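J.: Encoded as C-alpha cells, here's the structure I'll be asking about.
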Amino acid sequence: MKRRKTRKIKIGTVAIGGDAPISIQSMTKTDTKAADSTINEIRKLKKAGCEIIRVAVKDKDSIVSFKRIVARAGIPVVADIHFLPQLALGAIEAGCAALRLNPGNIKRKEDIAEIIKRAKEKKIPIRIGVNSGSLSQRRGAVADSMVKSALDYIKIFEKMDFYDIIISLKSSNVNETIDAYRKMAPLSDYPFHLGVTAAGPFLSSAVKSSIGIGTLLKEGIGDTIRVSLTGDPLREVEIAKEILASLSLRCFGPEIISCPTCGRCEIDLQKIVGNFKERLKEIGPKNMKRPLKIAIMGCVVNGPGEAKDADIGIAGGKNNGALFKKGKKVKNLKENEFVDTLIEEIKALHKE
Ligand code: SF4
C-alpha cells in the first residue's frame, strides 16, 4: 500500500513518519506520583512491544516523579498535558521525549508560544492531540471541527518556525475518527498518531480500533498508533500488534491460520493453538527473522488447502494430522506431536 508522505519526526530514539515503521504507543494507568509502579508498568509494556509511552502529568507534584520515570523508563516518554501550560514547561525540564498538548484546553497564545520556544530549544516534538470530547468549538460536523482545531493550532506553531509536529484527531466514534484523518491527510505533511478514543473494554476496543485504525492504515494514513482500552494496557499493545501484523505492516511472529472448528473437527484445535502460541514465546519475536505463515486446521475440508498455502501447516484428521512444508505433504503426525513438531520446524526454518 502507498503510504502518505510525511516528515520524519523523532520521539527520543523512535522515528515517526517518513519511511519509519508504524510504531506502537500506550499510556500508563498508574498514578504518575507513584513512580515505582509507573516504571514497573512501563517495563511490562516495553516487554510486550510498546515503543513509546505517554504519561499523564496532572499537577506540579507529579513533575518530580515524572523526572524519575523518564530516567528509568527505557523507552521514550511523552508528557500528556492538559489545562496547565506550566506543566508542559516542567515536563520539558524533566527530560520528556515529547509533549502532547490538547488545543481544546491550552488556548492562550502566549502560553503556547512559551511552550514552543522551550520545546524548540530542547528539540522536543509536540503532538497536537485533538479529541472530540474536548473540542473548544464545534462548527458543523465533528470531523470538520477537529480538523479546524488542529489547523488553527498548527498555524501558531508554524508562525514560530516550529515544525516538529505530530497530529492526532481522535473521536470515540469510528466514522468521525476516520473522516477527520482523511480530511486532514491532504492538508499537511505532519505524521499522524492514530487512535479511536475512549474505545471501551476489550472487545469493543479491539473492534473499534481495528476498524478505525485499520481502515486508515490500509489507505496509507498513519505513522504511530495507540489503542485505547478500559483495562490492562498490555492488551492495548496486543491489539495494536495484531492490527499491524494483519495488514502486514509489521511482523511480530508467525501469522497463525486456524479454523473456528465445527462438528467435523476430531482434534482439540483450541488447546493445540493455545499451546502453540505459548510455546512460540521460546523462540521470541527477535529470533523470527522473516514472516511466517503457520496453518493449524481442523479437518480435511479446508485443512490441506490452507496447510499447503502456509510455510508450515497441519491438516487435522481423527486424533492425527498431515504435516505440510512449503506446499508439500511430508508426513503424518499424532495429535500430541503437533506443537513440538511445529516449534522444531520453525526453529529449523529460521536457521536456514
Ligand atoms: Fe470445520 Fe474443517 Fe472448516 Fe475447521 S476446516 S471449520 S473443522 S470444516
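J.: Take the alpha carbon atoms of segment 245-315, find their center, do the same for segment 18-73, and report the distance between the two centers in whole angstrom.
T.: 33 Å
J.: In addition: Among 288, 276, 257, whose Cα projects farthest towards the positive end of the dipole of segment 255-351, with charges put on the beta-carbon of Lys, Arg (+1) and Asp, Glu (-1)?
T.: Projecting each Cα onto the dipole axis, the largest value belongs to 288.
J.: Roll a 1.4 angstrom probe over the protein heavy atoms and tell me the percent of accessible area of the chain that is carbon or sulfur.
T.: Working: 8560 of 16700 Å².
Summing carbon and sulfur atoms, their accessible area is 51 percent of the total for the chain.
J.: If packing is taken as the mean number of other Cβ atoms within 10 Å per residue, what is the order of 298-311, 271-284, highest first? Could the numbers behind the result be given before it?
T.: Values: 298-311: 18.8, 271-284: 14.2.
For the peptides 298-311, 271-284, the packing ranking is 298-311, 271-284.
J.: How much accessible area per residue does segment 9-246 have, in Å², with a 1.4 Å probe? If you can, show how the numbers build up before the last one.
T.: Values: 9690 Å² over 238 residues.
On a per-residue basis, segment 9-246 sits at 41 Å².
J.: Give me the percent of DSSP beta bridges within the chain that run antiparallel, rounded to the nearest 5. Provide the component values of the computation, followed by the final result.
T.: Working: 14 of 48 bridges.
That works out to approximately 30 percent antiparallel.
J.: Can you tell me how much longer the chain between residue 330 and residue 219 gets when fully stretched, taken as 0.36 nm per residue apart minus their C-alpha distance, in nm with one decimal?
T.: On the way: separation 111, 0.36 × 111 = 39.96 nm, distance 3.99 nm.
Difference between extended and current length: 36.0 nm.
J.: Moving on. For a quick check, take a GNM of the chain with Cα springs below 10 Å and name the residue from 176, 219, 242 with the largest mean-square fluctuation.
T.: Checking each option, the largest mean-square fluctuation is seen for 219.
J.: Taking only protein heavy atoms into account and a 1.4 Å probe, give the accessible area per residue of segment 255-351 in Å².
T.: Details: 5660 Å² over 97 residues.
Result: 58 Å² of accessible area for each residue.
J.: How high is the FRET efficiency from residue 245 to residue 110, r the C-beta distance, R0 51 Å, rounded to 0.05?
T.: On the way: r = 45 Å, r/R0 = 0.89.
Rounded to the nearest 0.05, the efficiency is 0.65.
J.: Among 180, 157, 332, which residue has its Cα furthest toward the positive end of the charge dipole of the chain, with +1 on Lys/Arg Cβ and -1 on Asp/Glu Cβ?
T.: In the chain, that residue is 157.
J.: Shifting gears a bit: Treating only the Cβ atoms of Lys and Arg (+1) and Asp and Glu (-1) as charged, compute the dipole magnitude of segment 255-351 about its Cα centre; round to the nearest 20 debye. Show your work: numbers first, answer last.
T.: Details: 19 positive and 13 negative charges, 79 e Å.
Value, rounded to 20: 380 debye.
J.: Amide H to amide H, which residues 5 or more places from residue 54 or on other chains are under 5 Å from it, using H placed in the peptide plane?
T.: Counting only residues 5 or more places away or on other chains, the set is 26, 27, 28, 78.
J.: Could you name the aspartates and glutamates in cross-link range of residue 29, using Cα to Cα under 19 Å and dropping any fewer than eight places away on the same chain?
T.: Those aspartates and glutamates meeting the cut-off are 41, 51, 59, 61, 80, 232, 236, 238.
J.: Trypsin sites (Lys or Arg not before Pro), restricted to segment 103-189: which are DSSP loop and have at most 11 other Cβ atoms within 10 Å? Could you put the intermediate results ahead of the total?
T.: Values: sites: 107, 108, 109, 117, 118, 120, 122, 123, 127, 138, 139, 148, 155, 159, 170, 182, 183; in loops: 107, 108, 123, 138, 139.
Passing sites in segment 103-189 are 108, 123, 139.
J.: If you don't mind, there's one more thing I want to ask. So for the chain, averaging the separation of alpha carbon pairs under 8 Å that are six or more residues apart and normalising by length, what relative contact order in percent results?
T.: Computed over the chain, the figure is 13 percent.
J.: In debye, nearest 20: dipole of the chain around its Cα centre with unit charges on the Cβ of K, R (+) and D, E (-)? Spell out each step's value before the answer.
T.: On the way: 62 positive and 41 negative charges, 132 e Å.
Result for the chain is approximately 640 debye, rounded to the nearest 20.
J.: Let me ask you something else. Using the Cα centre as the reference, give the magnitude of the dipole from point charges on the C-beta atoms of segment 174-243 (Lys, Arg: +1; Asp, Glu: -1; all else neutral), rounded to the nearest 20 debye. Present the calculation step by step, with values, prior to reporting the outcome.
T.: Working: 7 positive and 9 negative charges, 18 e Å.
Charge dipole, segment 174-243, about its Cα centre: 80 debye, nearest 20.
J.: Say the cut-off is 30 Å between C-alpha atoms; which of 183/293; 107/241; 44/277; 58/159; 44/159; 8/117 go over it?
T.: Values: 183/293 36 Å; 107/241 35 Å; 44/277 19 Å; 58/159 28 Å; 44/159 40 Å; 8/117 20 Å.
Flagged as over cut-off: 183/293; 107/241; 44/159.
The values are calculated or read from the model by the stated rules, or taken from the named source; none is laboratory data. The structure presented is a predicted model; accordingly, all values stated were derived computationally and were not measured. In this analysis, Cβ positions are derived from the backbone assuming ideal geometry, glycine residues included, and neighbour counts consider all displayed protein chains. Protein only, heavy atoms only, side chains kept; ligands, DNA and RNA dropped before computing areas. Shrake-Rupley method; radii C 1.70, N 1.55, O 1.52, S 1.80 Å.
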